[in-house]
Amino acid sequence: MTLGRREAVAAGAGLVLALAARPAAARTEDATTTGSSARSPRPRPRPRTLFIAGDSTAAQKYADAAPETGWGMALPFFLHRDVAVSNHAVNGRSTKSFLDEGRLDPITDALRPGDVLLAQFGHNDSKSTDPARYADPWGAYQDNLRVFVEAARSRGAFPVIATSVERRRFDAAGTARRSLGDYPAAARAVAAASGVPLLDIEALSLALWQRLGPEATKTYFNWTATEQDNTHFNPPGAIEVARLVARELLRTRVLAPRETRRLDDDIPTDRITWPPAVPSAS
């Protein structure tokens, strides 16, 4: 069943909400023990999928955009092979345009119990001069995030909200500055009110840029001979932001320890690859 944008799913809602509130580690253990006995081996849990809904900071990039890299491209480096990543993030999308274009529908259709739907938006929701994308932080933006939450829960999957990764912006004194207005606070409020795990990537990335400083951060963003991009990442930046995401997924118990790996390891940047062309269906 494909959800309408604001359609409520009532059947079984109490059971689904109760399931979604449980820690991932406990849920995974249930999957290995249900139906088992002393006379039969425990069945291997079904591999689950982590779906990403978001914008260009997370999206898959292609050869014509290299070395620009979305953090979703690097996330599999930090996850066990039994956790697949299905990256539906798309350049330029806000919560509004993502939903208006029907991009949540194929995710909802593909979700299975135990899967994860991670929503990270905010950069493009703030574009107040673009009615196709703008969503007021304390109004439509929060309403739209709740649609992602409801979609995941309707399928027995686990919704996760992430605040947007920060841009590279420093003042004259070398202090990393916030650039996302009220959107991180609005996302935190929706997560708290909905009982949804929050990955505070805005705060963590801001702290990372501060530690690195104005010059070193250039090596994490898409700075080339012809471009000075302070929003999108190159391979080192995408890897470090993906590491933040993976650590938060573990900290919030969305993922169990055995579902993550290499959280403290150096990841060679040449492991990032760019497919040759954008699929025609995108």
**Report entry** From 102, 72, 139, residue being on the phi > 0 side of the Ramachandran plot and open to solvent by less than 50 Å² (accessible area, probe 1.4 Å)
**Finding:** 102
Query raised in the report: Of the residues 237, 213, 181, which single one is in contact with a strand residue (DSSP E or B) (Cβ under 9 Å, 6 or more places away or on another chain), at pLDDT 95 or above and at positive phi?
Result: 213
Query raised in the report: Taking region 157-197, which residues are in a loop (DSSP other than H, G, I, E, B), in contact with a Leu (Cβ under 6 Å, 6 or more places away or on another chain) and of a type outside the set (Ser, Thr, Tyr)?
Result: 157, 166
Requested in this report: Could you check, for region 150-160, whether at least one of its residues is hydrophobic (A, V, I, L, M, F, W, C) and farther than 23 Å from residue 91 by Cα?
Outcome: yes
Query raised in the report: Mind checking which residues of region 198-209 are outside any helix (DSSP H, G or I) and either at pLDDT below 95 or in contact with a Ser or Thr (Cβ under 6 Å, 6 or more places away or on another chain) (or both)?
Result: 200
Query raised in the report: What are the pairs, 6+ residues apart or on separate chains, where a residue within region 122-140 that is within 21 Å of residue 166 (Cβ to Cβ) and aromatic (Phe, Trp, Tyr) has its Cβ under 8 Å from a residue that is in a loop (DSSP other than H, G, I, E, B) and open to solvent by 70 Å² or more (accessible area, probe 1.4 Å)?
Result: 134/127; 134/128; 138/182
Query raised in the report: Taking residue 35, is it modelled with pLDDT under 95, open to solvent by less than 50 Å² (accessible area, probe 1.4 Å) and over 28 Å from residue 247 (Cβ atoms)?
Result: no
Report task. Quick one: count up the residues across region 204-215 that are more than 18 Å from the chain's Cα centre (by Cα) and open to solvent by 40 Å² or more (accessible area, probe 1.4 Å). Result -> 6
**Report entry** residue 145 vs. criteria in contact with a helix residue (DSSP H, G or I) (Cβ under 9 Å, 6 or more places away or on another chain), touching a residue at least 60 places away in the same chain (Cβ under 8 Å), crowded, with 24+ Cβ neighbours inside 10 Å and not polar (S, T, N, Q)
**Finding:** no
Query - Breaking point among (1) open to solvent by less than 70 Å² (accessible area, probe 1.4 Å); (2) free of Cβ contacts under 8 Å to residues at least 40 places away in the same chain, for residue 228 - result: (1)
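The values are calculated or read from the model by the stated rules, or taken from the named source; none is laboratory data. Quick caveat: nothing in here was measured; it's all calculated off a predicted structure. Note that each Cβ is placed from the backbone with ideal geometry, even for glycine, and that neighbours are counted across all protein chains shown. We work out accessible area using only protein heavy atoms, side chains counted, and drop any ligands, DNA or RNA first. Shrake-Rupley method; radii C 1.70, N 1.55, O 1.52, S 1.80 Å.
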